[in-house]
Amino acid sequence: MHFVEVAVPVPLRQSFTYSSDAVPQPGCRVIVPFGPRKVVGVVLGESSNPANISKIKPLDTVLDEAAVIDEVQLTLCHWLSQYYLHPIGEVIHTVLPVLLRKGESARPVDERWWKVKGNGEENVASLTRAKRQAACLQVLLNGPMRDSELKSHFATTVIKGLADKALIVEENRPPPLKPRMWLTDLKIGSKPLPDKEQGVAIAAINQSRGQFAPFLLEGVTGSGKTEVYLQAIEEVLAGGQQVLILVPEIGLTPQTVSRFAKRFGIDIGVLHSQLNDKDRLAVWQRAREGELGIIIGTRSAIFTPLKFPGMIIVDEEHDESYKQQDGLRYHARDLAVMRASTENVPLVLGTATPSLETLNNALSKRYGHLHLTKRAGGAVQTHQHLLDVRDQRMQFGLADGMISIMRQHLSMGNQVLVFVNRRGYAPALLCHHCGHSVDCRRCERPYTVHRSQQRLQCHHCGGVKPIPKQCPQCGEHSLVTAGVGTEQIEEGLAQLFAGVKQVRIDSDSVRGKDKLQRTLDDINGQKYQLLIGTQILSKGHHFPHVTLVVVMDCDGALFSADFRASEKLAQLVTQLAGRAGRASKPGEMWLQTHNPGHPLLQDLIHNGYHHFARQALEERKLAAMPPFQSQAVIRAEATHGAMAWDFLEQAKQILATDNVRLNGPLPCLIEKRQGRYRFMLVLQGTQRKAINTLLRKALPNLSALPLATRVRWSLDVDPSDFS
């Protein structure tokens with residue numbers, strides 16, 4: 001009798017011991033009894049000195065002959081569990097594809113093949129009146145054929161007809177393993193000659209093959225960072241190694257895949273949330289077997305196993321979407337650093353607007369620092385301007401002066417991008433008589449008006465209701481909207497620029513498979529002149545005909561309670577500016593503001609993000625804020641706010657120590673959501689290890705508090721926001 005440690009997907013920070021006749025390999029999945037049910041767990045290893053042997057239950061079923069999570073991934077799972085203080089069972093559950101969590105086979109799905117049954121020659125002769133069936137049977141006489149290949153030559157009805165006559169039979173065969181299959185298809189397409197800065201970056205990355213070497217590739221928008229990626233991975237692919245590339249948004253995936261496929265001519269694995277579970281598992285399996293040379297995906301693609309790891313690239317490393325905001329609250333960029341170190345491969349973090357954490361690592365020489373200071377193809381930098389809208393007449397959120405500038409660009413046949421970071425028609429509905437705001441009761445925040453759908457929607461909890469005919473407070477029918485959203489801008493611009501074709505791009509308008517990519521293709525085909533959109537349009541898209549970018553309102557972030565708000569605004573503004581003037585046409589950007597003298601805006605306009613970021617680092621250092629200090633947040637929420645507050649007060653007493661500062665309890669930036677009041681306790685200190693050690697020791701005591709089962713609470717290490 002042997003005893004094994006199994007990680008079970010439950011919110012308990014421990015593994016569980018089971019008995020077994022033999023010890024499954026670490027990383028194998030097993031079905032184990034857990035209370036009244038049976039669950040899929042993963043073997044961590046053999047248990048040497050189990051306690052209470054009489055109470056230990058036996059394993060039910062071993063699902064895998066070989067490990068589905070290899071040694072490197074198990075190491076990363078343990079690191080994730082320890083660093084983010086998350087239950088190991090839930091960590092492994094997150095890492096595995098959905099179908100493997102449910103107990104499906106980890107082996108590639110068998111392929112269907114067709115072969116001739118009986119005397120094939122005589123049967124062909126008997127099919128004189130079914131010529132297509134005879135032709136199909138004749139083909140199969142040369143040997144069995146894969147179902148998909150046979151269907152490329154003959155209709156399904158032809159094949160079914162032969163099967164119904166029992167002239168052919170099907171059989172299932174495991175697909176042949178084709179490690180490094182991309183080597184036979186790899187053909188480097190035509191490529192531009194890199195400029196001096198690109199050449200230096202490519203050489204530095206190539207010299208680091210076979211060793212852990214993190215690089216920050218800091219290049220202005222349109223400087224050719226993707227071309228550096230392409231040329232840097234040539235040698236990796238030619239050497240039979242795989243490359244994992246992370247992108248922040250699904251919308252960027254088709255664009256990136258298309259460019260890489262065109263350059264190398266090989267099959268590329270794609271992973272993002274719009275794929276179904278079967279397709280995601282297929283890519284996972286092929287990457288694990290070493291069949292795919294390039295895998296491109298969003299945040300969770302960082303968990304993809306690689307048989308021949310060669311390089312990891314994180315594009316737009318600053319993007320907030322790399323941080324998971326629930327469950328295992330990992331940061332894909334930070335995990336990429338850890339994974340590259342574990343697998344001993346180079347890591348490239350590319351962006352025009354590096355996060356202050358990454359920039360600090362580069363300036364401190366922990367990362368290599370590569371610069372691209374010029375736009376590719378001779379394109380000039382976008383000129384940025386502030387438009388003081390004080391005392392100006394506004395139409396649909398646009399100042400008269402801004403409308404005149406837009407008209408000039410449109411008259412020359414160019415495209416204009418209007419950015420407003422609010423989807424819907426308007427962010428609030430008010431009574432013009434009594435001033436009452438129609439709010440979501442669960443979140444105590446105004447409903448957003450979606451006029452095209454004739455409904456109100458809460459963007460915090462998703463609650464929906466019809467637009468009321470009269471004020472629920474006083475009964476008057478004088479309801480008006482306050483503020484502007486993308487729908488209202490679209491409606492207004494149709495009046496201001498009649499006859500100019502426009503398109504709105506936000507999460508409401510581009511739902512559906514490939515809708516965003518089709519719209520982007522239409523934009524680059526100059527089907528539209530006016531582009532209205534949210535942050536979807538700010539991330540890495542190439543619009544060669546856009547010469548003007550208009551930012552409707554940038555004042556909100558200037559007065560936010562989030563200490564990262566200025567950094568996020570600076571990144572957004574710089575990324576938006578990069579959408580203009582990317583080709584031969586010069587571009588400009590205008591920011592509408594009521595605060596033209598604000599130091600942040602002045603610094604951005606006159607000195608750019610490069611200067612702003614370094615100044616912001618100095619301010620963070622003087623203020624003793626990240627990245628110079630580490631943080632963790634305990635959030636608590638409950639239908640009765642006092643319960644969440646009291647839980648955090650008790651937690652504060654347990655956590656009280658000299659070398660970690662405790663701030664709070666404080667209301668979260670969004671104090672109420674989905675009917676629950678939300679508060680937080682912020683832990684901060686100079687040593688990340690001190691915070692981690694303190695929390696690790698305190699977690700059992702926190703879980704034992706009577707209120708711990710009556711409130712919903714969570715732990716977030718290295719939080720990216722406080723909402």
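Read the figures in this text as sums done on the coordinates, not as results from a lab. These numbers were taken from a predicted model, which means no experiment stands behind them. A quick note on method: Cβ atoms are made from the backbone with ideal geometry, for glycine too, and the neighbour counts reach across all protein chains shown.
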Around Ile168, which amide H atoms from residues at least 5 apart in sequence, or from another chain, sit under 5 Å from its own amide H, with H modelled in the peptide plane? Lys117, Ala163
Going by amide H atoms built from the backbone, whose H comes under 5 Å of the H on Leu386, apart from near neighbours? Leu591
When only alpha-carbon atoms count, how far does the range 630-717 stretch along each of its three principal axes, as whole angstroms with the largest first? 36, 27, 17
In whole Hz and in residue order, list the ³J(HN,Hα) couplings for the range 453-467 that follow from phi through the Karplus curve 6.51 cos²θ - 1.76 cosθ + 1.60, θ = phi - 60°; x for Gly and Pro. 9, 6, 8, 9, 9, 8, 7, 9, 10, x, x, 10, 8, x, 5
Identify, among Val464, Phe215, Ile691, the residue whose Cα sits farthest towards the positive end of the charge dipole of the chain, taking +1 on the Cβ of Lys and Arg and -1 on the Cβ of Asp and Glu, with the dipole about the Cα centre. Val464
Would you compute, from DSSP H runs of 4+ residues alone, the mean residue ellipticity of the chain at 222 nm, taking -39500 (n - 2.57) per run and dividing by the full residue count, rounded to the nearest 500? -9500 deg cm²/dmol
Kindly write out, for the range 505-511 in residue order, the coupling ³J(HN,Hα) from the Karplus curve 6.51 cos²θ - 1.76 cosθ + 1.60 (θ = phi - 60°), rounded to whole Hz, with x marking Gly and Pro. 10, 8, 5, 7, 8, 10, 5
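If I stretch the segment between Gln615 and Lys191 completely, what's the gain in nm (0.36 nm per residue apart, minus their alpha carbon distance), one decimal?
Details: separation 424, 0.36 × 424 = 152.64 nm, distance 3.76 nm.
Fully extending the segment from Gln615 to Lys191 adds 148.9 nm.
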Only loop residues by DSSP count here, and only those with at most 14 other Cβ atoms within 10 Å; note down the trypsin sites (Lys or Arg not before Pro) in the range 389-497 that meet that. Arg390, Arg393, Arg441, Lys469
What Kirkwood hydrodynamic radius do you get for the range 111-173 when you take the inverse of the mean 1/r over all pairs of distinct Cα atoms, in Å? 11.3 Å
Using a cut-off of 27 Å between alpha-carbon atoms, which lysines can reach Lys187, once sequence neighbours fewer than 8 places away in the same chain are excluded? Lys178, Lys196, Lys225, Lys262, Lys307
Approximate spin-label separation Gln325-Thr157, in nm, with each point projected 7 Å along Cα-to-Cβ: 5.2 nm
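Could you calculate the contour length gain from Arg710 to Thr373, that is, 0.36 nm times the residue separation minus the distance between their Cα atoms, to one decimal place in nm? Write down the numbers at each step before the final one.
On the way: separation 337, 0.36 × 337 = 121.32 nm, distance 5.44 nm.
Answer, rounded to one decimal: 115.9 nm.
Which pairs break 21 Å Cα to Cα here: Lys131/Lys151; Lys527/Lys585; Lys323/Lys652?
Details: Lys131/Lys151 16 Å; Lys527/Lys585 18 Å; Lys323/Lys652 26 Å.
Listed pairs above 21 Å: Lys323/Lys652.
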Kirkwood-type radius of the range 182-378, with distances r between different C-alpha atoms, in Å: 16.8 Å
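Over the Cα atoms of the chain, Rg to Rh with Kirkwood Rh, two decimal places? The partial results should precede the final answer.
Numbers: Rg = 29.2 Å, Rh = 29.1 Å.
Using only Cα positions, Rg/Rh for the chain is 1.00.
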Give the distance, in whole Å, between the Cα centre of the range 118-147 and the Cα centre of the range 365-380. 62 Å
Specify the inter-centroid distance of the range 401-477 and the range 165-241, based on alpha-carbon positions, in whole Å. 45 Å
When the Karplus curve 6.51 cos²θ - 1.76 cosθ + 1.60 is applied with θ = phi - 60°, which whole-Hz ³J(HN,Hα) does each residue of the range 227-244 get, with x for Gly and Pro? 5, 5, 4, 4, 6, 6, 8, 3, 5, 5, 5, 5, x, x, 10, 9, 10, 10
Residues whose modelled amide H sits under 5 Å from the amide H of Val348, counting only those 5 or more places away in sequence or on another chain, are Phe215, Ile312, Ile313, Val314
Percent antiparallel among DSSP beta bridges with both residues in the range 182-378, to the nearest 5? 5 percent
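Ranking request for peptides 72-83, 41-52: highest mean number of other beta-carbon atoms within 10 Å first, then the rest in descending order. Could the numbers behind the result be given before it?
Details: 72-83: 18.5, 41-52: 16.6.
With the highest mean Cβ count within 10 Å placed first, the list reads 72-83, 41-52.
Using only the Cα atoms, what convex hull volume per residue in Å³ does the range 2-101 have?
Details: hull volume 10.0 nm³, N = 100.
Measuring per residue, one finds 100 Å³ for the Cα hull of the range 2-101.
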Express as a percent, rounded to the nearest 5, the fraction of DSSP beta bridges in the chain (both residues included) that run antiparallel. 55 percent
